Amino acid sequence: MANLMEKNAKMRELVEKLNYYSYSYYSLDNPVISDAEYDKLYDELVALENEIGIVLPNSPTLRVGDEILKGFEKHTHIKKLYSLNKVNSYDELYNWCNDIEKQFGKQEYTLSYKYDGLSIAVTYENGKFVCAATRGNGSVGEDVSKQVLTIKTVPLTIPFKGKLEVRGEAMMRKSVLKAYNESANEPLKNERNAVAGAIRTLDLSITRSRNIDLFFYDVLYIEGKTFKTQSEAHNFLIENGFFVGDYFKVLNGYEELKKSVEEIDKSKLDLDILIDGAVIYVNSCQVQEDLGYTIKYPKWGIAFKFEAVERTSEVKNIVWQVGRTGKITPIAEIDPIELAGATVKRATLNNYGDILRKGVKLHSRVFVRRSNEVIPEILRVAEYLDNSEDIKKPVVCPSCGAELIEIGANLFCPNKEFCTEQITDKLTHFCSRNAMNIEGLNEKTLKLLHNDVGVNELADLYKLTYSDFEDLEGFKDKKISNILDGIEKSKNVNFANFIYALGINGVGEKTAKDLAKRFATLNDLKNAKIEDLVSINDIGEVIAKSIYDYFNSNYGLKNLNDLLNAGIKINYTNVVNYNENFKGKNVVLTGTLQNYTRDEAKTLLESFGANVVSSVSKNTDLVIAGESAGSKLTKANALNVKVINEDEFQNLIK
Ligand SMILES: [Zn+2]
C-alpha cells in the first residue's frame, strides 16, 4: 500500500496530466490521448481525491457538477465593460482612422473578430479563478462563475499572481450546435441563443451539455502591470493560458486594415464560429489613454459591422426533394433577397419535423440565414400573414409515387430499387469530386444512364462498357473513352473518400475523414460497435447508429461487396505506402506521443505494413516509446527488443 505522501504526489501528477490533456484537446485542438484514456485517469483522480479528502485548487474535477443553482447573484465589475461604437462602411472606417491620425500621427491598429456570443468578464487573484460574470449593463452583471467553470477553455489557475479581470466571449461553435441538434429533443435556434441559454441557466447540466468555448480578447484590469500596446496585452493572455482564438493582427494604417477586414468579410461564412464583424483597436496604449472615452464608447476602438447573414423573406412555395438515402427534404422557395453578397431564392427546412417545430407556414415571413452550407436555411418564423396556411405533409414520393414512411422527424421513400431521383442522387454523390471523383459523370449523364441503360446500384457503374454509351445522344468516341478511363481510375481510392462515397446518412466529408483516421481498415469499420463510433469526437448517437445500421444491413453489405468485387482497391493512407523499416514487423506502441494519438500512430504504422500489437514479447521487432512509457518499456528492455523514441520514429517515416 502506498503511503499518503505517495498518494499526494500521484494526485498532483494526475491533475497536471489531465490539465495538460484537456488544454491540448480544447485549446490547441490537438488531442494527445483518447477520450477513454482520459476518462480512466479522471476516474482514478476522483477516487484518490475521495480517499485522501483533498481536492487541489486546479483539479479538473472542480469543473463539472450538475447541481441546480437557486438564483443569480449580482456582480459589480472592477472596470466598466464598454460596448463599441459601430461603422458599416469603409468610408466611415477611413474617417475614424483619419480623425485619430490627424491628432496622433500614423497609427498601428489591432484587428480581431467581432464574436457574436455572450460577453463574459472573468476575475483572477493570486493566480486563481475567483469569479465570472455576464456583462449586464456594463457596470453590474450576473455572477455566472459555476456556469463558466464548466467551460474547459477557461483556466483555473494562471501564472500571473496579481488581481486581474479579463474579458471574453462565450461561443457555441457551429459544428457543436449542429451535432447537438441532431440528437436533441428540443433543437436550439442558433449559436447565440444557445450560448446565452447555456450560461444564463441555473441548471449546470445544461451548460455542460452544450460544449461552450470562451474566446478571450481583452485585459480589463490588471494589478501592478501596464502594457505598452494592445498586442502586448494579447500576448499576456496567451502566456497565461487563455484561449484567444486564431485571429489577431497588427496592421499599419487604414489601407492595410481595409484589406484584412475585407478578407474576414469574405471568409466569415466558412468559420466554425458566428461573427458579425471585426473589432479594431488603436494598438498604442498611450494613444488609447489620450483618446479616452465618450459616455458610451471608448474612442480608441470601433466595430466594423458586416452585412447581415440573416434576413427575412416570405415563403412562396415548398418543393419536396428526394435525396440519395430516400430522405425527403422540404425546400422553401422564397421571395428573392440579397444575403451576404448573394441572391437567395431557396432555403432548406431540413425535414418535415423541422417545419412543425419552427411553425413555418406557406406565406409566412421567416428568418433566412446563409452559412457555409450550400443552401441557406430557414431559422424561425418572423410573422404570419393573412394568407398563411399550413404546409401539407406529403404522403407519396414526388419522384416515384411510393408511399412514404416516417422515421423520427424524417420522411423517407422506401423504393431504393426504382426511385429515379433517389438513385440519381446516390450515383451523383458517389461520382462527385470529394467521393470517387469520376469526371464526366454528372447528374444529367447519370440520369440518362439510370433511365436508358439501367444503372441502379453503385457497382453497376463498373459494368459499363463502350456500347452502353453508343446509343445515348451526344456521346462521341472521345467523351466515352474519357468517362470509361475515369471509372477505371476511380478504382484506386483513398479510404476517407470511399467512406464518403457510400453516401451513408449523416456521413459528410469531415465524418468520413474522422472514421478513416479512427479505423485502420474497412473491416475494422464494418465491425465497429455503436460505442466505438460514439467515442469519436463530433459523432453523436444519431450518426453512429446510421453508420452501424449501414454496415449491418443486407443492403449496405451487398452494396459494399459488389463494389469490392468490381475491383475497388482502398488506399489506407495518402502519405506513404511502403516503408521497409516497418513492413511485416511487429510493432508495439507505448507512452504518449506528442504528434499522434495512439490511433493515428497505429493507422500510420499499418499503412506501412506493420502489425501493431498490444503487448511486448520476444516476437516483438520494435517498440515505439512516447512520454511516460511504463511496463511495456521495461519489458522491452529486459527482452532486448529494439526501442525508439518519437523523434527516431519520425525520422524513419520521412
Ligand atoms: Zn421515390
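Data for the structure
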quantity	calculated
Which of TYR82, TYR555 has the fewest Cβ neighbours within 10 Å, and the rest in rising order	TYR555, TYR82
For the stretch 150-295, with +1 on Lys and Arg beta carbons and -1 on Asp and Glu, the positive-most of LEU274, ILE212, THR150 along the dipole	THR150
Range in the chain, longest, excluding exposed GluC sites (Glu not before Pro) [loop by DSSP; at most 14 other beta-carbon atoms within 10 Å]	74-222
Per-residue ³J(HN,Hα) for the stretch 226-237, Karplus 6.51 cos²θ - 1.76 cosθ + 1.60, θ = phi - 60°, Hz, x for Gly and Pro	10, 10, 7, 9, 5, 5, 5, 4, 4, 5, 4, 4
Computed [θ] at 222 nm, helices only, for the chain once each DSSP H run of length n ≥ 4 contributes -39500 (n - 2.57)	-10500 deg cm²/dmol
Exposure proxy ranking, count of Cβ atoms within 10 Å, fewest first, for VAL87, VAL319, VAL46, VAL366	VAL319, VAL46, VAL87, VAL366
The stretch 437-459-the stretch 600-615 distance, computed between alpha-carbon centres (Å)	38 Å
Backbone HN-Hα couplings from phi across the stretch 618-624 [Karplus 6.51/-1.76/1.60, Hz, Gly and Pro as x]	6, 8, 6, 8, 8, 10, 9
4 °C / 1.567 mPa s Stokes-Einstein diffusion coefficient of the chain, Kirkwood radius on C-alpha pairs, µm²/s	45 µm²/s
Cα gyration tensor, the stretch 320-375 - rounded (a/c under 1.5), prolate or oblate	oblate
Charge dipole (the chain, unit charges on Cβ, about Cα centre) - positive-most of ILE653, ILE238, LEU404	ILE238
Dipole in debye (nearest 20) - the stretch 86-305, about Cα centre, beta carbon charges: Lys, Arg +1; Asp, Glu -1	440 debye
The chain - share of DSSP beta bridges that are antiparallel (%, nearest 5)	80 percent
Relative contact order (percent, whole number), the chain, Cα cutoff 8 Å, 6+ residue spacing	10 percent
Cross-link partners of LYS7 among lysines (Cα-Cα below 19 Å; sequence separation of 8 or more within a chain)	LYS17, LYS40
Residue order, fewest to most beta carbons within 10 Å, for CYS285, CYS97	CYS285, CYS97
Normalised contact order of the stretch 221-355, rounded percent, pairs of Cα under 8 Å and 6 or more residues apart	15 percent
Set of lysines with alpha-carbon distance to LYS102 below 26 Å, sequence-local pairs under 8 removed	LYS86, LYS228, LYS249, LYS258, LYS259, LYS296, LYS299, LYS305
Percentage relative contact order, the stretch 420-490, counting C-alpha pairs under 8 Å, at least six apart	34 percent
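Quick note: the coordinates plus some simple rules give every number you see, no bench work behind them. Predicted model, so just to flag it, every value in this text is computed and none were measured. Note that each Cβ is placed from the backbone with ideal geometry, even for glycine, and that neighbours are counted across all protein chains shown.
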